[in-house]
Amino acid sequence: MSSPVLFAEVIIPLALPKNYTWSVPELLREQVKVGARVEVVLGKNKKYAGVVKRLHTEAPPFEAKDILNILDAEPVIFEQQLKLWEWIGRYYMCSEGEVMAAALPAHFKLSSETILVYNEEFGEDFSTLDHDEYLVGEALLLKKELKLAEVQQVLDSHRVYPVIKRLIEKKVCFVWEALKETWSPKKETFVLLNAKYDNEESLASLLNDDKKLQRAEKQLELLLSYLHLVKTAGEVTKPELLKKSGASDAQLKGLVDKNILWLEKRQVDRLQYLPRNISIDFDLTPAQQRAFDSITEQLVSKPVCLLHGVTASGKTQVYIKVIERYIRQGKQVLYLLPEIALTSQVIRRLQKHFGGYIGIYHSKFNQNERVEIWNKVKTGELKVVLGARSSIFLPFTDLGLIVVDEEHDTSYKQQDPAPRYHARDGAIYYASLFRANVLLGSATPSVESYFNAQSQKYGLAILGERFGGVQLPAIDIVDTKKMYGADKNKIIITPPLKSAIDQSLEQNKQVILFQNRRGYSPYQVCQVCGWIPHCKYCDVTLTFHKNTHKLHCHYCGTVYPPVHSCMACGSDKFTQRNFGTERIEEQLEELFPKARIARMDIDSVRGKTAHDNLIQQFEQGRLDILVGTQMVVKGLDFENVILVGILDADSLLSFADFRVNERAFQLMEQVSGRAGRKDKQGRVFIQVSNTQHPVLYFVQQHDYGLFYQQEIEGRKMFFYPPFSRVIQLTFKHKQKEVADAAAQLMAFALKIDYGKYLVGPAEPVVNRVRNQFLMELLVKLPKDGELIQRCKRYIQEQVAILHNDKRFRSVVVIADVDAV
Ligand SMILES: [Zn+2]
Ligand SMILES: [Zn+2]
């Protein structure tokens, strides 16, 4: 009469060696579903919301505890997502729980450590809440934040998680994620002109005849700068207006009280609800059409196709046409972009064509919005999702195509924490579960992808000419060996570049300057003894930032007061060696006093909208020169840029990494590609002392093929990817000897079966970060799936053995598969 006991394998968002099993109590048996969340206790009393991976009747060798509650009547993820989690866990050597932690929006993840934050926007109307919800809501309103343990006390019941789940759904509270910045306010105050002044006549009479306004001179000034701003920017926010006009809050209030200006709180970035239709209002050029046809044809027989299109060839238009085909078949499409390239420029373009069918999945969005997108993808309401790396985890049900734009971009690979997955490679696996297609696109494909295309594993489509027939920019190599500034230092803007900038400014054209170092000066050297200030916690030199007037460590973020006398010899004479973006900006202001100059690096674009604002200003021609780090490279499309300067190419060519040439080529070709995108051929100046470096020649010729040929030979000779798979193991410990010994032990264990594939152990170039000493061990395995899997398992076993040894218990071991 008793049916067999039902068990559930549950994924908990933790780095556990495996998934554990709970039993499903009789009462819950009808409701429990694979892919839905359940509440379980792990250990003594830690509670988690885990995802059911499998239901079965095989009793585990221990007495399984009961599942406490079922949180979802319907699954939050499906079989394909569970398979993706499993694949990522196995391939990238981490637990499925770690994948779950990265995959689900915070609101789906509840544990005893969860902190709930009251949502101020909810207000205080609790009439829609039931008894339990009301109790917790009251406590939240009072304390603003509650730990789950506190909720438990409030409720004094075992039905805590279901209550919390409902409160989150009703948007009474948020789940706080400790590792993320707190979300920025979603609302911004916009300033609007009273609609009755919309026509010129009434506006003129307001400005000229209104007595009350005439007497308030400051208010009149403010109003004029508002009108000016609206004209150039389209929309004006209150902070922007006050900053630009130098007016006070009170003066603005004066105008608002007179009912001339209105203030309106608006959601910034909120998902717009656009009509659900597709409007493709352009035709492809003949070259684009050929690329499109080639892609279509190749995707019939191959799951993946690489689109190699030179910069400014209009790849996006081709993507849009390809996407349209899949949507018209009723399929869903995922369009991946590197996070930083996901700007409002791109979003606007896509929304224009796909209206309400498109959703954006972005780390800048708050958790409620992410859950909204999640659910709409699940129901199939959204047909296209534009998103960064983590959007490969969205619960698609009928995926037809994944586009990976800028597929070479290293930010597709997650560094920390685990899962250290590559979104491009994850996307290819994910698509295979749906028998969907993948379209990779780049002007500078990764060596791996191009190799796969050359060896017929992927299709290859070529888009070899720029949109509108504009020529690729002409490249001038400027030899800096004999050019020094007045301070006997590397010269920042060489004379040829200076005169080119002058020329561009005269023609009202824009200029982009690139330097991959931020701050003011990366080295401050004692002139007498050569001492350089270092970070206390890391083995790196400190960068002086003029903006903060402090020395910054770019590895751990520690900030130090500026150094005035040498710690070694006491001298007070320092030289600023080398230059960062801050110093360039300063020099530009001296050299081009009339130009409007801005800087784009992570220091200048902190905050949610700063990056977009800067792009918009540049786009609208309100800036002449933009100087920045890699940020200026990422997929930006500015029509009026005629000149690009790469200020210190030596710093790109001198990394100790097997991918150095690939990165240098990609960066230089991509930065160069910002020049002359419309009508006129652009110019690029590369300042460099090592003028004979072959990569410079490839960039000068814009010859990817030649670059690839040389690169692939080197990779083959030294057995690097794509000819091998690389697993990088890093050992971290606060004592150098312990990190060393742990790495040695691992190397010794690996030697038996994998000796010929080992490189190291060795110290990395920066061998101490945050007071932890680092050792690295590289395993270069032949491309033999079975051997690779065996080696990964073996490494994981050895890590467990290492951690069982008291001496090594606190050694952090990081395994990075396909490290970049
Ligand atoms: Zn000194
Ligand atoms: Zn540091």
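So which helices (runs of 4 or more DSSP H) are wholly in the range 200-249 and hold at least 3 residues that are among the acidic types (D, E)?
Here the list reads 200-209.
Report yes if some residue within the range 663-678 is buried (at least 20 other Cβ atoms within 10 Å of the Cβ) and among the acidic types (D, E); otherwise report no.
Yes, the range 663-678 contains a residue that is buried (at least 20 other Cβ atoms within 10 Å of the Cβ) and among the acidic types (D, E).
Run Y92 past the list (1) surrounded by fewer than 22 Cβ atoms within 10 Å (Cβ to Cβ); (2) closer than 29 Å to W176 by Cβ and report the number of the one that doesn't hold.
Y92 satisfies every listed condition except (1).
Which is touching a Gly at 6+ places or on another chain (Cβ under 9 Å) and outside the structural domain of A15 (by the TED database), of F122, F78?
F122
Please specify each residue of the range 281-297 satisfying the condition of being open to solvent by 40 Å² or more (accessible area, probe 1.4 Å) and either in contact with a strand residue (DSSP E or B) (Cβ under 6 Å, 6 or more places away or on another chain) or part of a helix (DSSP H, G or I) (or both).
Of everything in the range 281-297, those that are open to solvent by 40 Å² or more (accessible area, probe 1.4 Å) and either in contact with a strand residue (DSSP E or B) (Cβ under 6 Å, 6 or more places away or on another chain) or part of a helix (DSSP H, G or I) (or both) turn out to be P286, Q289, R290, D293, E297.
May I ask you to list the residues in the range 768-820 that are among the β-branched types (V, I, T) and open to solvent by 50 Å² or more (accessible area, probe 1.4 Å)?
Answer for the range 768-820, where residues must be among the β-branched types (V, I, T) and open to solvent by 50 Å² or more (accessible area, probe 1.4 Å): I801, V812, V820.
When the range 436-451 is examined, which residues are found to be open to solvent by 20 Å² or more (accessible area, probe 1.4 Å) and either touching a strand residue (DSSP E or B) at 6+ places or on another chain (Cβ under 9 Å) or not charged (D, E, K, R) (or both)?
N437, Y450, F451
Taking the residues in the range 512-535 that are within 13 Å of ligand 1 (Cβ to nearest atom) and part of a loop (DSSP other than H, G, I, E, B) as candidates, determine which candidate is nearest to P561 (Cα to Cα).
Filtering the range 512-535 for residues that are within 13 Å of ligand 1 (Cβ to nearest atom) and part of a loop (DSSP other than H, G, I, E, B), the one nearest to P561 (Cα to Cα) comes out as P533.
Give me the residue from the range 471-487 that is over 15 Å from L696 (Cα atoms) and surrounded by 14 or more Cβ atoms within 10 Å (Cβ to Cβ) and, out of that set, modelled with the lowest pLDDT.
Checked the range 471-487; the qualifying residue modelled with the lowest pLDDT is M483.
Can you name every residue in the range 588-600 that is buried (at least 17 other Cβ atoms within 10 Å of the Cβ) and either out of contact with any helix residue (DSSP H, G or I) (no Cβ under 7 Å at 6 or more places or on another chain) or without any contact (Cβ under 8 Å) to a residue 24 or more places away in the chain (or both)?
Answer for the range 588-600, where residues must be buried (at least 17 other Cβ atoms within 10 Å of the Cβ) and either out of contact with any helix residue (DSSP H, G or I) (no Cβ under 7 Å at 6 or more places or on another chain) or without any contact (Cβ under 8 Å) to a residue 24 or more places away in the chain (or both): just L588.
Kindly provide the set of residues from the range 342-354 that are out of contact with any Ser or Thr (no Cβ under 7 Å at 6 or more places or on another chain), touching a residue at least 24 places away in the same chain (Cβ under 8 Å) and not hydroxyl-bearing (S, T, Y), ordered by number.
The answer is L342, Q345, V346, I347, L350, Q351, K352, F354.
Does I373 meet the test of being of a type outside the set (G, A, S) and modelled with pLDDT of 95 or more?
It is false that I373 is of a type outside the set (G, A, S) and modelled with pLDDT of 95 or more.
What are the residues in the range 306-360 that are modelled with pLDDT of 90 or more, in contact with a strand residue (DSSP E or B) (Cβ under 9 Å, 6 or more places away or on another chain), aliphatic (A, V, I, L, M) and in a helix (DSSP H, G or I), if any?
The answer is V318, V322, I323, I327.
Residues being open to solvent by less than 30 Å² (accessible area, probe 1.4 Å) and within 11 Å of ligand 1 (Cβ to nearest atom): count how many of those fall in the range 566-578.
2
Looking for whichever is part of a strand (DSSP E or B) and touching a residue at least 60 places away in the same chain (Cβ under 8 Å) here; the options are L146, L116. Which one fits?
When all the criteria are applied, what remains is L116.
Could you list, in sequence order, the residues of the range 544-575 that are within 15 Å of ligand 2 (Cβ to nearest atom) and in contact with a helix residue (DSSP H, G or I) (Cβ under 9 Å, 6 or more places away or on another chain)?
F544, H545, listed by residue number.
So, in the range 493-508, exactly how many residues are crowded, with 21+ Cβ neighbours inside 10 Å and in a loop (DSSP other than H, G, I, E, B)?
Residues flagged as crowded, with 21+ Cβ neighbours inside 10 Å and in a loop (DSSP other than H, G, I, E, B) within the range 493-508 amount to 1.
Just name the residue that is nearest to ligand 2 (Cβ to nearest atom) out of those in the range 525-541 that are open to solvent by 30 Å² or more (accessible area, probe 1.4 Å) and over 25 Å from K490 (Cα atoms).
Y537
Could you check how many residues of the range 566-593 are in a loop (DSSP other than H, G, I, E, B) and of a type outside the set (A, V, I, L, M)?
Of the residues in the range 566-593, 11 are in a loop (DSSP other than H, G, I, E, B) and of a type outside the set (A, V, I, L, M).
Are any residues in the range 298-330 among the small types (G, A, S), farther than 24 Å from Q456 by Cα and open to solvent by 40 Å² or more (accessible area, probe 1.4 Å), and if so, which ones?
none
Among the numbered criteria (1) touching a residue at least 40 places away in the same chain (Cβ under 8 Å); (2) over 30 Å from T558 (Cα atoms), which single criterion is violated by Q772?
(2)
Mind telling me which of the residues A49, A102 ends up being aliphatic (A, V, I, L, M) and in a helix (DSSP H, G or I)?
Checking each option against the conditions leaves just A102.
Here are L227, L223, L242: which of them is more than 37 Å from the chain's Cα centre (by Cα) and among the aliphatic types (A, V, I, L, M)?
L223
Take the conditions more than 23 Å from E711 (Cα to Cα), in a strand (DSSP E or B), open to solvent by less than 10 Å² (accessible area, probe 1.4 Å) and touching a Phe, Trp or Tyr at 6+ places or on another chain (Cβ under 7 Å) and apply them to V385. Does it pass?
yes
Would you be able to say whether some residue in the range 407-418 is at pLDDT 95 or above and closer than 20 Å to V76 by Cα?
No, because not a single residue in the range 407-418 is at pLDDT 95 or above and closer than 20 Å to V76 by Cα.
When you go through V660, V605, V644, V632 one by one, which is the residue that is surrounded by fewer than 16 Cβ atoms within 10 Å (Cβ to Cβ) and more than 16 Å from ligand 2 (Cβ to nearest atom)?
V660
What number of residues within the range 542-565 satisfy the criterion of being under 19 Å from V769 (Cβ atoms), open to solvent by 40 Å² or more (accessible area, probe 1.4 Å) and either within 16 Å of ligand 1 (Cβ to nearest atom) or not in a loop (DSSP other than H, G, I, E, B) (or both)?
1
The values are calculated or read from the model by the stated rules, or taken from the named source; none is laboratory data. From a predicted model like this one, the values you see are computed outputs, not experimental measurements. All Cβ positions, even for glycine, are placed from backbone atoms using ideal geometry, and neighbour counts span all protein chains on display. In case anyone asks, the SASA skips ligands and DNA or RNA and just uses the protein heavy atoms, side chains included. Shrake-Rupley method; radii C 1.70, N 1.55, O 1.52, S 1.80 Å.
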